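Beneath this line is the structure, given in structure tokens, with notes to follow.
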Amino acid sequence: MQVASKGKLSEIEDLISKMTLEVCCTAVLPELGLRWGNVSSALRSSRLPMTPASAARVLRRHIARSLPAEEYDDLLSRLRLKLVATQQRVWHLISLSEPVEEHPGAPARVLHTRVRQALREAKKPKDMTAVVESVNMGDLVYFSVQLVSARRQGAALFAAAAPAAPSRCSALCSRARSSRPSSKVLTDSCLGYKAYEDENLHGRDIPSLLRIHDRKWNEDNIQLLNGIPEYKPTPVITDNGIDFTNKTYNEEYVEKLLGPNPPLLTDLKIQSSPAFFDPARMKKDINLTIDLKSEDVAKTLKEWVKKGALAPNSPLIQIFHEMQSNSISYQAEE
């Protein structure tokens, strides 16, 4: 028993050491009823550097002294799920519809029970048991679902959803060791809805995905709700005089169009079939595909405009402003 407890403590310490100090402060300390001042004081007393590994070492001592061994498993599962929620992983957005109740929204505790019940009734191998964990972080409830048996365990499916929702809502899912998660676990009354639709929208930043798909999440970026402003280049007064090159105007125009805090996406695929530029020589459509991959597509577009490599009224800028998916079919207006 003592050896097992030490093993669990080692797992908890290893898990906390993978978190940044900021995540540790917001995700781990509330679980233990501590404040950052308690941890920093212990680090200084022990003459340890201010690193995640040192914080994990101090918190391991606190857990060993204050928590019974029976609670280690629950703490470990919650911390593991919180680490997933704060990690840089790909999340896929889906839309849920056809609520099974008149008011599908429910507290997180009820959502947890719904998921367990739905998995209990779902088809699965007889020797496999569904293990469900949930945790609240911000405005969302995060779930992990995994099929396990005495000899093997399946890949974990991670999901996030709002505990209270209207007749149609959004959910996100991400699966370990899989490029495309199955959303079936989120339907069949799991979250109070019967049907789902894959929105073909994915990324590593959950708030950005919600802002792209549902405009009610854009309260802090109200400019994104407006239409495309008219492009009228004019001279701009700067600290060094008057800019007649339109460079300053172009940068300000793109900043106004995309906003100071545009959604964070790492890839965007655009397909188009424009007509050949000279119909007299060839009357055919040209298939074009642009596959943008960057740490921040919006930042890359702004940098291209700043360097003059991209026009501020380019279709690429307009597409990013109005996109609803990572894969877009674009048809230029006549």
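The values are calculated or read from the model by the stated rules, or taken from the named source; none is laboratory data. Not measured: the values here are computed from a predicted model. Glycine gets a Cβ as well: all are built from the backbone with ideal geometry, and neighbour counts include every protein chain shown.
Considering only the range 264-275, how many residues are out of contact with any strand residue (DSSP E or B) (no Cβ under 6 Å at 6 or more places or on another chain) and touching a residue at least 60 places away in the same chain (Cβ under 8 Å)?
Pass one, the range 264-275, residues out of contact with any strand residue (DSSP E or B) (no Cβ under 6 Å at 6 or more places or on another chain): 264, 266, 274.
Next, from what is left, pick out any that are touching a residue at least 60 places away in the same chain (Cβ under 8 Å): 264, 266.
The total comes to 2.
Restricting attention to the range 268-310, the residues that are more than 22 Å from LEU257 (Cα to Cα), assigned to a loop (DSSP other than H, G, I, E, B) and not aromatic (Phe, Trp, Tyr) add up to 11. The residue that is surrounded by the most Cβ atoms within 10 Å (Cβ to Cβ), counting only those in the range 311-327 that are assigned to a loop (DSSP other than H, G, I, E, B) and of a type outside the set (S, T, N, Q), is PRO312. When GLN2 is tested against (1) modelled with pLDDT under 90; (2) surrounded by 17 or more Cβ atoms within 10 Å (Cβ to Cβ), just one condition goes unmet, and that condition is (2). Restricting the first member to the range 31-42 and to residues that are exposed (fewer than 15 other Cβ atoms within 10 Å of the Cβ), and the second to residues that are of a type in the set (D, E, K, R) and not in a helix (DSSP H, G or I), no beta-carbon pair is closer than 8 Å while six or more apart or on different chains.
For first residues located in the range 276-300 and free of Cβ contacts under 8 Å to residues at least 12 places away in the same chain, partners that are of a type in the set (Val, Ile, Thr) and lie 6+ apart or on another chain with Cβ distances below 8 Å form the pairs PHE276/ILE286.
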